[in-house]
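Throughout, read-outs are computed from the coordinates displayed, never taken from laboratory work. The structure displayed is predicted, hence computed values, not measured ones. Virtual Cβ from ideal backbone geometry, glycine too; neighbours counted across all protein chains shown.
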Amino acid sequence: MRKIFLLLSFLFAFIAGTTAQVWLELGAKGMMGMTGFYNKNIVNDSRHDSQFGLGLSVGGVAAINIGEYHGLNFEVLSATHHQSMSYRNDDGVNNTINIEWQSIDAYLMYRWYRDNGAFVEAGPKITYVNEAQQSFGTNWSKVNDKYASRYTSLAVGVGGFVTTSQVLTIKTGIRAEYALTDLISDQGRMEGYPAYYTTFDTYQETRPFRAGFYMELTFGVGGIAKSMCGSRGMIWGTGYN
């Protein structure tokens with residue numbers, strides 16, 4: 001998190017010195033899509049079959065826009081994640097495994113806008129895991145200590161404007177994310193999670209992923225623009241019109 005604050009400080013210093021129009025938007029965001037994780041041992045194991053889960057995210061967004069083509073989104077979302085698997089024992093019996101975790105996800109996304117309103121985005125995400133639980137068959141248990149308290153992901157996406165006005169802006173897009181660090185804690189690794197019920201020759205990291213659709217609703221708070229005479233003053237609204 002300290003690195004993010006340092007990056008934000010650098011960006012704010014850059015914004016303060018830029019001659020481009022700068023404005024701020026605040027609003028809400030919702031996301032829905034496919035979630036799960038990748039573990040090489042599980043994927044290559046013929047006894048396992050995996051199914052993707054449905055994840056939801058909702059929270060707030062602050063958008064800093066610099067000129068017509070550049071933007072920076074800082075998002076904090078409350079999120080759910082789900083992964084389902086089935087495992088066949090040596091006797092041929094199938095057992096269902098479900099892993100669910102709830103988190104607070106913090107994004108810092110750079111956006112590049114085109115003249116037609118479309119944009120591409122990329123940036124880091126830090127996931128803070130609040131609660132994790134796992135089932136084997138019908139038996140559920142909390143496994144917070146088996147799973148990492150946080151992990152880092154890379155997120156990329158594309159989107160565009162649905163509608164804009166001097167006050168209100170609606171944007172939609174699709175976003176894909178893949179973790180750069182392990183979902184399993186040190187204790188979980190020693191106990192063989194997430195597949196503690198079997199053994200593998202080597203340990204492989206568990207990397208969460210996410211892909212889905214989002215909608216973003218923001219309100220223009222105001223900003224700073226440079227006039228024809230060279231002076232800088234406040235503007236109100238989104239700055240898109």
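Evaluate E = 1/(1 + (r/R0)^6) for Gln166 and Phe213, where r is the Cβ-Cβ distance and R0 equals 22 Å; express this FRET efficiency to the nearest 0.05.
On the way: r = 27 Å, r/R0 = 1.22.
That gives a FRET efficiency of 0.25.
For Lys146, go through the aspartates and glutamates and keep the ones whose alpha-carbon is under 16 Å away, minus same-chain ones fewer than eight residues off.
The reachable aspartates and glutamates, counting only those whose Cα sits under 16 Å from Lys146, are Glu100, Glu131, Asp182, Asp186, Glu191, Glu205.
Within the stretch 124-150, list the residues whose amide N lies under 12 Å from a label point set 7 Å along Cα→Cβ of Gln187.
The answer is 142-149, whose backbone nitrogens lie closer than 12 Å to the label point.
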